[in-house]
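A.B. asks: After the structure tokens below, expect a handful of questions from me.
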């Protein structure tokens with residue numbers, strides 16, 4: 001009986017015995033952990049992206065840099081005036097990979113076709129890194145309410161989606177695009193990236209429903225909002241990544257018991273039946289034109305020309321193993337030396353349309369190896385504490401593990417969607433900050449788990465001077 005009451009209290013308030021009147025408000029939470037402010041982007045009300053290699057910047061650019069700089073300055077000052085703290089060796093290893101990747105980006109300035117732009121973006125990368133390090137160090141000493149972190153991230157996504165809808169009413173061109181025969185794409189533009197925020201709403205809501213972390217009616221309602229927004233983006237990368245992530249989440253849920261497995265199988269069969277009815281009503285030809293966006297077989301096979309871009313990067317990096325130069329290199333080299341049969345001209349393509357290929361283009365094979373090694377280490381941390389050692393007792397350790405698993409699903413989505421877009425590898429984009437925040441939360445939770453696994457005794461070899 002006492003364990004059931006404890007579980008209910010955890011589900012409502014995040015920690016056993018926490019007074020709901022003492023929960024931090026949303027604004028107080030943002031002031032306490034300002035790194036979450038970066039998840040807003042901030043929203044930019046302009047119709048096209050800038051191109052620093054051509055000197056095309058505006059006052060929105062200064063707002064972007066100003067927000068990141070102010071949060072990073074606070075983080076640097078807090079780190080500079082902190083005493084020595086302890087971080088487990090595994091966490092320090094990930095942070096070292098992150099730092100060395102930035103050093104390689106900075107070194108690419110030497111051969112970048114626009115050294116000033118590459119140096120500026122390298123500086124922004126290190127400012128973002130400082131925000132992550134300070135957040136991990138801070139929450140390692142004083143852990144927050146982990147589930148509240150996830151719910152506040154979802155609230156930020158909902159606020160951005162609401163802003164997209166408001167802008168859609170007053171100025172549709174800022175948040176919507178025309179895909180020809182496929183119809184309109186509600187992409188959010190630079191106001192709020194709906195291919196990211198809508199799937200995040202769906203993933204967090206689905207996990208909250210699965211673990212009964214909030215009223216299930218609310219979870220279902222918000223999940224449907226996130227799902228509808230994801231479909232409205234008309235983005236194949238977003239849809240496939242969300243489908244794969246939800247499939248993994250459903251499989252993990254089905255492993256909880258036979259009854260749950262039957263429920264999921266029944267739901268899947270009902271979905272197939274409803275989809276078949278809808279397909280018969282709409283017509284296979286109309287649905288196929290929406291999916292392939294009116295392209296021919298060659299366009300579908302090349303992913304709207306993406307595979308040709310990736311082939312160009314691979315061939316270039318085979319001859320130049322150090323890459324092209326951080327951010328600026330691809331923009332200038334691709335624009336000057338290559339053309340493909342796309343709807344867009346090469347001059348308007350500013351990235352490799354693949355976060356992993358973008359790392360390769362920016363700083364070569366060594367940078368890609370470090371990036372993949374870092375991501376692998378992060379996923380291994382979640383595997384160690386959530387998959388290999390599933391918790392069996394109800395207590396203060398359960399919610400951090402649940403937040404860790406939800407963070408893993410969100411990171412898997414970012415990794416999969418990164419196959420279709422480069423936004424997770426380029427600073428000053430909301431998607432770049434979202435991935436950093438998710439990784440920071442995973443590292444913070446894992447650090448506390450490592451400390452608890454050592455029975456609260458610190459290993460003197462794990463000293464991390466700040």
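Since every read-out is calculated from the coordinates, none of them should be taken as a lab result. Small disclaimer: the values here were computed from a predicted structure and weren't measured. Cβ atoms come from the backbone with ideal geometry, glycine included; neighbour counts cover every protein chain shown.
A.B. asks: Please order 406, 414 by the number of other Cβ within 10 Å, starting at the fewest.
C.D. replies: On the way: 406 28, 414 23.
By the 10 Å Cβ count, ascending, the order reads 414, 406.
A.B. asks: Hey, fewest Cβ within 10 Å first, where do 114, 205 land in order?
C.D. replies: Sorted ascending by nearby Cβ count, the order is 114, 205.
A.B. asks: Please arrange 59, 432 by counting, for each residue, the other beta carbons lying within 10 Å of its beta carbon, fewest first.
C.D. replies: On the way: 59 8, 432 22.
Placing the least packed residue first, the sequence is 59, 432.
A.B. asks: If each of residue 70 and residue 178 carries a label point 7 Å out from its Cα toward its Cβ, how far apart are those two points in nm?
C.D. replies: 3.9
A.B. asks: Quick one: Debye curve from the alpha-carbon atoms of segment 83-208 only, equal weights, vacuum; give me log10 I(q)/I(0) at q = 0.10, 0.13 Å⁻¹ to two decimals.
C.D. replies: Ignoring solvent entirely, the Cα scatterers give -0.56, -0.87.
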